[in-house]
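The values are calculated or read from the model by the stated rules, or taken from the named source; none is laboratory data. What you see is a predicted model; the values in this text were computed from it and never measured. A quick note on method: Cβ atoms are made from the backbone with ideal geometry, for glycine too, and the neighbour counts reach across all protein chains shown.
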Amino acid sequence: MNIVLDNIIFMLQQNGGISTVWSEHLRRARADVALRLTELDYKEQMAPRFMERYRVPAYKAETPAIFHSSYFRVLPQKGVHNVTTVHDLTYHFYRRGLAKAVHLWEEERALRHSEAVICVSENTKRDLLRFYPWYPEEQITIAYNGVSDDFYPMKSVKKKGFLLFVGNSKAAYKRYDVAQHVAQLTGIELVTAANVTKEELNKLYNEALCLLYPSDYEGFGLPVLEAQKAGCPVIAQNNSSIPEIIGEEGLMIQHDTPERMAAEMADIVRQLLLRPTDKIIAAGIENAKRFSWDQSYQQVKKAYENIYYNHHL
């Protein structure tokens, strides 16, 4: 298969969930002998133009080809079949004004030109069909994210017993305010992790009493699995994609007012202090085994293969 991968995400962000997902898939695609791979790299090979992210790539593909961008771009060239990944529909719910209008234009343009869409969860698929009911459901593939082997229990690290918040504390829907309120109610220190290395983050997971994940909305929720794999209990809000990934033994609170969310989360924190957490930790580690980047990549490749065989490329 002739596959063209657009690495523009690495120009847009240094760290982040989308770049993590793309990096994991890209590493596997590079090693896949079934693919004839071309990469468009705007940090090494190609000089970015003004407003590059919104423009058609300055590239002419050898056709037939499958074009997959890391962030809502398509190649409208005859003989090119486009694939788009949708991680979440956050802009529909939480953004306003020009930023929202531009993003939705970019998103819809990509969908209208794509013969396959990859969603990272069933919840993301439901949201996509809610806002774009015209998109053919049979052309959507679910490719759950994986969780890196960089996260694991560290026998040499002792618990310090703080509460951990991972994510963008400035994004209102992430509910950092709830995490702060939990810390106040319990009298336990709250540590916030953002822009840290995987090694540093794994150490924090190992040291924490638990991860607080009160987010109102997630396309996937990768920190939930990272924490579980590292042996850190997780308390999350029961909404969006979280029920899909946290497992049957997951500790979840119900969506309500911020005050009630914090109170319910604080009660669970107190219970963690009063009883052994071995079973919760073991269940989390076992749950995280359901998700791997190898499986995730195979689902992405399945979307390529469907196009390949449907068009006899």
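Check GLY284, GLY221, GLY231, GLY247 and return the single one that is closer than 30 Å to GLU115 by Cα and either out of contact with any Cys (no Cβ under 8 Å at 6 or more places or on another chain) or buried (at least 20 other Cβ atoms within 10 Å of the Cβ) (or both).
On inspection, the qualifying residue turns out to be GLY221.
Return the residues of the range 251-279 that are in contact with a strand residue (DSSP E or B) (Cβ under 7 Å, 6 or more places away or on another chain) and either in a helix (DSSP H, G or I) or of a type outside the set (A, V, I, L, M) (or both); say none if nothing qualifies.
Result: HIS255, MET261, GLU264, MET265, ILE268, VAL269, LEU272.
Being on the phi > 0 side of the Ramachandran plot and out of contact with any Gly (no Cβ under 6 Å at 6 or more places or on another chain) narrows it down to one residue among GLY284, GLY250, GLY221; which is it?
Numbers: GLY284 fails: on the phi > 0 side of the Ramachandran plot; GLY250 fails: on the phi > 0 side of the Ramachandran plot.
The unique qualifying residue is GLY221.
With respect to GLU62, is the statement that it is in contact with a strand residue (DSSP E or B) (Cβ under 9 Å, 6 or more places away or on another chain), surrounded by fewer than 13 Cβ atoms within 10 Å (Cβ to Cβ) and either modelled with pLDDT of 95 or more or not in a strand (DSSP E or B) (or both) true?
When the stated conditions are applied, GLU62 passes them.
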